[in-house]
Amino acid sequence: MSEDYNPFDEAEVARRASESINDGGPAFECMTLRDYFAASALQGMLAYSLLNPQTGNYHENSTPEDVADIAYFYARAMLKARDEREND
């Protein structure tokens, strides 16, 4: 995970949204692998209620848009790790 990425910085989110994205290809008929990974990350983020007992969890401390951006950030990391493993 990039240490300098701030999912709450609107300019950074817009910049990343404009980048060419490796979506991993189709996972299901209407969903890319990137979407599938993001949905899986989102499910875990919303289900895990004790991310940090002092600060709470994702959905208590973020807007839905921010949580979605973070889920896609994790999806990109999964695709990157997948590509690196395939190239080993």
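The values are calculated or read from the model by the stated rules, or taken from the named source; none is laboratory data. These numbers were taken from a predicted model, which means no experiment stands behind them. A quick note on method: Cβ atoms are made from the backbone with ideal geometry, for glycine too, and the neighbour counts reach across all protein chains shown.
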Checklist (1) at pLDDT 75 or above; (2) assigned to a loop (DSSP other than H, G, I, E, B); (3) surrounded by 12 or more Cβ atoms within 10 Å (Cβ to Cβ) applied to Asp88, failing item: (3)
Neighbours by Cβ (under 7 Å, 6+ apart or cross-chain): first from the stretch 64-81, hydrophobic (A, V, I, L, M, F, W, C); second at pLDDT below 90 and outside any helix (DSSP H, G or I): Ile70/Pro7; Phe73/Tyr5; Phe73/Pro7; Ala77/Met1; Leu79/Asn22; Leu79/Gly24
